[in-house]
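First comes the structure, then the notes that go with it.
The values are calculated or read from the model by the stated rules, or taken from the named source; none is laboratory data. Since the model is a prediction, treat every value here as computed from it, not as a measurement. Note that we place each Cβ from the backbone using ideal geometry, even for glycine, and neighbour counts take in every protein chain shown. These area figures cover heavy atoms from the full protein model, side chains too; ligands, DNA and RNA do not enter into them. Shrake-Rupley method; radii C 1.70, N 1.55, O 1.52, S 1.80 Å.
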Amino acid sequence: MATVPLLGDEEAGAEALAVFDDIRAKRQTDYVNNFWRALAHDPALLKATWERLQVVMAPGALEPMVKEMVYLAVSVANGCTYCVHSHTAAAKSKGMTDAQHGELLAVIAMASQTNALVTALGVPVDERFMA
């Protein structure tokens, strides 16, 4: 359950609606998801988050699907169910296969296990790994 009401177009103010319209236009959809509707309570935060997301997730040195897979991995590690579902769908829409998804989840699980072991054991970083 959300901690704030999800604002529909009827309840959102003009500033939030402008962001909703930009989301619709840039994503070529009529759908504005619940994340943006929750953020609409703070139009400045909504706008800043939407603008930053577009910059970070734009094509660059990393392919868009890779960016979505990284986002998915961080979301799994952080336990964000909403983001896991959202970015799984986004990665699949950008070409992630079921096999890639399975391997990604296996890598996330392995990293979680080894991270926990290293942390619990207090293993010092090898000198040659220091950047």
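The table that follows gives values for the structure above.
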read-out: Fraction of accessible area attributable to carbon and sulfur, the range 21-74 (%, probe 1.4 Å); value: 60 percent
read-out: For the range 53-68, 3J(HN,Hα) per residue [Karplus equation, 6.51 cos²θ - 1.76 cosθ + 1.60, θ = phi - 60°, Hz, x = Gly/Pro]; value: 4, 5, 5, 5, 8, 5, x, x, 5, 9, 5, x, 5, 4, 4, 5
read-out: In order through the range 33-42: 3J(HN,Hα) via Karplus (6.51 cos²θ - 1.76 cosθ + 1.60), integer Hz, x for Gly, Pro; value: 6, 4, 4, 5, 5, 6, 5, 4, 5, 10
read-out: Table column - 3J(HN,Hα) (Hz), the range 16-31, Karplus curve with 6.51, -1.76, 1.60, x for Gly and Pro; value: 5, 4, 4, 5, 4, 5, 5, 4, 4, 5, 6, 8, 6, 8, 9, 9
read-out: Met57 versus Gln113: modelled label distance in nm, points set 7 Å from Cα along the beta carbon direction; value: 3.1 nm
read-out: Whole-number Å³ per residue for the convex hull built on Cα positions in the range 1-47; value: 67 Å³
read-out: Inter-label distance, nm, simple model (7 Å from Cα along the C-beta direction), Leu45/Ala106; value: 4.0 nm
read-out: Per residue accessible area of the range 1-103, 1.4 Å probe, in Å²; value: 63 Å²
read-out: Contour minus Cα-Cα distance for Glu10 and Thr97 (0.36 nm per residue); value: 27.5 nm
read-out: Chymotrypsin sites (Phe, Trp or Tyr not before Pro) restricted to DSSP loop in the range 17-106 with at most 15 other C-beta within 10 Å; value: Tyr31
read-out: Rel. contact order, % - alpha carbon contacts under 8 angstrom, at least six apart, the chain; value: 17 percent
read-out: Efficiency of FRET between His85 and Arg128 - r from beta-carbon atoms, R0 30 angstrom, step 0.05; value: 0.15
read-out: Rule-of-thumb Rg ratio for the range 28-77 [Cα; 2.2 N^0.38 Å; N residues]; value: 1.29
read-out: Mean ellipticity per residue at 222 nm, deg cm²/dmol - from DSSP H runs of n ≥ 4 across the chain, formula -39500 (n - 2.57); value: -21500 deg cm²/dmol
